[in-house]
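Participant: Okay, handing you the structure first.
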C-alpha cells in the first residue's frame, strides 16, 4: 500500500472512531481530482490543489509506463479513491483514438477495465478517429466519453458499464469528435470538428445533453444556425466552420455561458458563423455574443482559422482568442455582446510565443492579485500577466509544446519530440526535464504527487498500441 493510501485510510478510520465531535486534520493525503480537460469547465488548465511536486524534487520523479490498447492522443482525467471492481483505487481514465475508454490504476500502473464501443471494428485502423478527452461526473460514480461514431456515452466508474448513449452528429465520418467533453451543472457539452483535408460536408455543432438520462436538449449549429437540432450536413447549403480548438467549449463558471471559436467557413453574421468567436447561453439556445475580425474573408481564403484555438477566459470580464494567424487578441466580453454581428472593434493583439500558428489551449493561473496566461506553440512557450487591460509578457523561451498546465506554482509543458519540461511559473526557469516518447495533441495532468501523460501520434492513422506515462516521487 502506498504512503498516500495508507494515510488516507488511516484518516478515515480515525474519523469513524472519533465520530462527529472529532476534528481530523489531513494534509495532501485526502486526495484530489482532475475531472476534465483543463481541470475545470472553464479549461483554466490550472489546479489550485497541492501536488507535493516542487522545483527541488521534480527532477527525481520516477516514470512508470502502462501499455494501452491504442494511442490516447489527448489528455487523461483522474479520480482519487473511487470504487472500481469492488475495491478502492486512484484512477486515470484515457480515451484512445479509436474510442476505447480505459481505466488505469494510478498506484499499480495497471489496467482496471476497458470499454469498447459497439461497431468498433468498423472504424478501427481507418482515418476515422477521435482526439477527445472524457469528463467525470461530480457524483464521482460516472464518466462521460465518446468515440469516432459521434456518440456520447455515460459509463460507470466501477466497471465501465454503459448507462446511456446519445449521438451528437448524423455524419461521424465527416464530423469529428476532436475536442474534450465538458460537464457543468447537470449538462454534458460536446462540440464537433472536421477531419484533415476539410472534406465536406460538415458543420460545427454545440450539443448540450442532460447528464442524467442523455437526452439531447439542444444543438447550436455554426452554419444554418437558425435551425436547431442535429443537421444532416448535406441539408445545409453551407459547409465547414468546424469547432475543433483543443479546449473545445469553455464555460464561464459565473454565468454558465458557453464560449466556442469556429473554424474557417462561410460568414454572414446571420446564420453562417465561420471564423468567429461565439458566446451562447447555458442551454445553447440563444446567442449572447459574437465577434469576428474585420479580415474574416482573408482568414478563410488563407485557411488561417481563428478557431484553431479555443477562447481563453481570463476573468475580470476579459478573454483572449488565439489562432492560426499567429496572434492572441485580448478583448472585453462585454464588447462582443448581442446577436448582431460584431466585426468593427479589432482588439489589441500580442504574438503567439514564437510567432507560429496556435493549435494548443492556453492556461490561466490566478495567483494572488495577478492573472497569468501561459501558452505554447511549435517553437516556444511564454507567460503573460493581465494588467490594466493589457497582456504584458513576463517570460518566454524557445521550447515548443502542447497545452500547458499549472499546478503547485509550476508549469508543465509537453514537447512532442519527447520531453516534458517543468518551469517555475513566475520566473520561467526550467526546473526539470523528463524523458518520454513522441506525440501530437497529448498533454499532461498533475495531481496527487503524480504526472500522467499519454504518448503517441494519431496523424491520419493511429498505431495499435500506446503508452500512458505516470511519474511519481521516489517511494510513492
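Participant: Which one of the conditions (1) in contact with a strand residue (DSSP E or B) (Cβ under 8 Å, 6 or more places away or on another chain); (2) surrounded by fewer than 19 Cβ atoms within 10 Å (Cβ to Cβ); (3) assigned to a loop (DSSP other than H, G, I, E, B) does residue 353 fail to meet, given that it meets all the rest?
Facilitator: (2)
Participant: Just checking, which of 153, 88 is outside any loop (DSSP other than H, G, I, E, B), touching a strand residue (DSSP E or B) at 6+ places or on another chain (Cβ under 9 Å) and over 21 Å from residue 39 (Cα atoms)? Spell out how you get there, then give the answer.
Facilitator: On the way: 153 fails: over 21 Å from residue 39 (Cα atoms).
None of the others qualify; the one that does is 88.
Participant: Here's another thing I want to ask about it. Is region 368-386 home to any residue that is in contact (Cβ under 8 Å) with a residue 60 or more places away in the chain and surrounded by fewer than 21 Cβ atoms within 10 Å (Cβ to Cβ)?
Facilitator: Looking through region 368-386, at least one residue is in contact (Cβ under 8 Å) with a residue 60 or more places away in the chain and surrounded by fewer than 21 Cβ atoms within 10 Å (Cβ to Cβ).
Participant: Within region 316-335, take every residue that is surrounded by fewer than 16 Cβ atoms within 10 Å (Cβ to Cβ) and without any contact (Cβ under 8 Å) to a residue 60 or more places away in the chain and give me the one that is nearest to residue 41 (Cα to Cα).
Facilitator: The first filter runs over region 316-335 and keeps only residues surrounded by fewer than 16 Cβ atoms within 10 Å (Cβ to Cβ), leaving 316-317, 332, 334-335.
Checking the rest, the ones that are also without any contact (Cβ under 8 Å) to a residue 60 or more places away in the chain come to 317, 332, 334-335.
On the way: 317: 17, 332: 20, 334: 20, 335: 23 Å.
Step by step, filter region 316-335, then rank; the result is 317.
Participant: Another question, then. Between a residue in region 284-307 that is assigned by TED's automatic domain parsing to the domain that holds residue 219 and any residue that is part of a helix (DSSP H, G or I) and surrounded by fewer than 19 Cβ atoms within 10 Å (Cβ to Cβ), which pairs come within a Cβ distance under 8 Å, given they are 6 or more apart or on different chains?
Facilitator: These pairs meet every condition: 291/335.
Participant: Just to be sure, is residue 210 under 22 Å from the mean Cα position of the chain (by Cα) and either over 16 Å from residue 264 (Cβ atoms) or surrounded by 14 or more Cβ atoms within 10 Å (Cβ to Cβ) (or both)? Please lay out each step first, then the result.
Facilitator: Working: under 22 Å from the mean Cα position of the chain (by Cα): yes; either over 16 Å from residue 264 (Cβ atoms) or surrounded by 14 or more Cβ atoms within 10 Å (Cβ to Cβ) (or both): yes.
It is true that residue 210 is under 22 Å from the mean Cα position of the chain (by Cα) and either over 16 Å from residue 264 (Cβ atoms) or surrounded by 14 or more Cβ atoms within 10 Å (Cβ to Cβ) (or both).
Participant: Continuing with this model, one more query. Given the criterion more than 21 Å from residue 72 (Cα to Cα), modelled with pLDDT of 95 or more, touching a helix residue (DSSP H, G or I) at 6+ places or on another chain (Cβ under 8 Å) and surrounded by fewer than 20 Cβ atoms within 10 Å (Cβ to Cβ), identify the matching residue among 394, 431. Can you show your working first?
Facilitator: Values: 394 fails: touching a helix residue (DSSP H, G or I) at 6+ places or on another chain (Cβ under 8 Å).
Testing whether each residue is more than 21 Å from residue 72 (Cα to Cα), modelled with pLDDT of 95 or more, touching a helix residue (DSSP H, G or I) at 6+ places or on another chain (Cβ under 8 Å) and surrounded by fewer than 20 Cβ atoms within 10 Å (Cβ to Cβ) leaves just 431.
Participant: Within region 334-342, does at least one residue satisfy the condition of being more than 20 Å from residue 268 (Cα to Cα) and modelled with pLDDT of 95 or more?
Facilitator: Initially, region 334-342 is screened for residues more than 20 Å from residue 268 (Cα to Cα), giving 334.
Then keep just the ones that are modelled with pLDDT of 95 or more; that gives 334.
Yes - at least one qualifying residue is present in region 334-342.
Participant: Among 217, 313, which is within 20 Å of residue 350 (Cα to Cα), touching a residue at least 60 places away in the same chain (Cβ under 8 Å), assigned to a strand (DSSP E or B) and assigned by TED's automatic domain parsing to the domain that holds residue 151? Before the answer, list the steps.
Facilitator: Details: 217 fails: within 20 Å of residue 350 (Cα to Cα).
Matching residue, one of 217, 313: 313.
Participant: Moving to a separate point now. Can you pull out every residue in region 336-346 that is surrounded by fewer than 18 Cβ atoms within 10 Å (Cβ to Cβ) and part of a loop (DSSP other than H, G, I, E, B)? Before the answer, list the steps.
Facilitator: Just the residues of region 336-346 that are surrounded by fewer than 18 Cβ atoms within 10 Å (Cβ to Cβ), to begin with: 337-341, 343-346.
Matches in region 336-346: 338, 339, 340, 341, 343, 344, 345, 346.
Participant: If you don't mind, another one. Do we find a residue being assigned by TED's automatic domain parsing to the domain that holds residue 456, part of a strand (DSSP E or B) and within 21 Å of the chain's Cα centre (by Cα) anywhere in region 391-405?
Facilitator: Quick first cut of region 391-405, residues assigned by TED's automatic domain parsing to the domain that holds residue 456 only: 391-405.
Add one more test, that the residue is part of a strand (DSSP E or B), and what stays is 391-397, 405.
Narrowing further to those that are within 21 Å of the chain's Cα centre (by Cα): 405.
Scanning region 391-405, I find at least one residue that is assigned by TED's automatic domain parsing to the domain that holds residue 456, part of a strand (DSSP E or B) and within 21 Å of the chain's Cα centre (by Cα), so the answer is yes.
Participant: So, in region 269-301, how many residues would count as being farther than 12 Å from residue 341 by Cα and out of contact with any helix residue (DSSP H, G or I) (no Cβ under 9 Å at 6 or more places or on another chain)?
Facilitator: Residues flagged as farther than 12 Å from residue 341 by Cα and out of contact with any helix residue (DSSP H, G or I) (no Cβ under 9 Å at 6 or more places or on another chain) within region 269-301 amount to 12.
Participant: Now for a different question. Looking only at region 242-265, how many residues end up being more than 12 Å from residue 311 (Cα to Cα) and out of contact with any helix residue (DSSP H, G or I) (no Cβ under 8 Å at 6 or more places or on another chain)? Spell out how you get there, then give the answer.
Facilitator: To start, the set of residues in region 242-265 that are more than 12 Å from residue 311 (Cα to Cα) comprises 242, 253-257, 263-265.
Narrowing the set further to residues that are out of contact with any helix residue (DSSP H, G or I) (no Cβ under 8 Å at 6 or more places or on another chain) leaves 253-257.
Going through region 242-265 one residue at a time, the tally reaches 5.
Participant: Among the residues of region 113-136, how many are crowded, with 21+ Cβ neighbours inside 10 Å and free of Cβ contacts under 8 Å to residues at least 40 places away in the same chain? If you could, list the steps in order and put the result at the bottom.
Facilitator: Of the residues in region 113-136, the ones crowded, with 21+ Cβ neighbours inside 10 Å are 115, 128-136.
Right, trim to free of Cβ contacts under 8 Å to residues at least 40 places away in the same chain and you get none.
Selection size over region 113-136: 0.
Participant: Shifting gears a bit: I'd like the full set of residues that are closer than 13 Å to residue 80 by Cβ and not in a strand (DSSP E or B), limited to region 433-458. Full working, then the answer.
Facilitator: Of the residues in region 433-458, the ones closer than 13 Å to residue 80 by Cβ are 445, 447-450, 452.
Residues satisfying the conditions are 448, 449.
Participant: Output yes when any residue across region 26-37 is modelled with pLDDT under 95, in contact with a helix residue (DSSP H, G or I) (Cβ under 7 Å, 6 or more places away or on another chain), within 20 Å of residue 108 (Cβ to Cβ) and not in a loop (DSSP other than H, G, I, E, B), and no when none is.
Facilitator: Within region 26-37, one or more residues are modelled with pLDDT under 95, in contact with a helix residue (DSSP H, G or I) (Cβ under 7 Å, 6 or more places away or on another chain), within 20 Å of residue 108 (Cβ to Cβ) and not in a loop (DSSP other than H, G, I, E, B).
The values are calculated or read from the model by the stated rules, or taken from the named source; none is laboratory data. Computed from a predicted model, the values in this text were never measured in an experiment. Backbone-built Cβ (ideal geometry, glycine too); neighbour counts: all protein chains shown.
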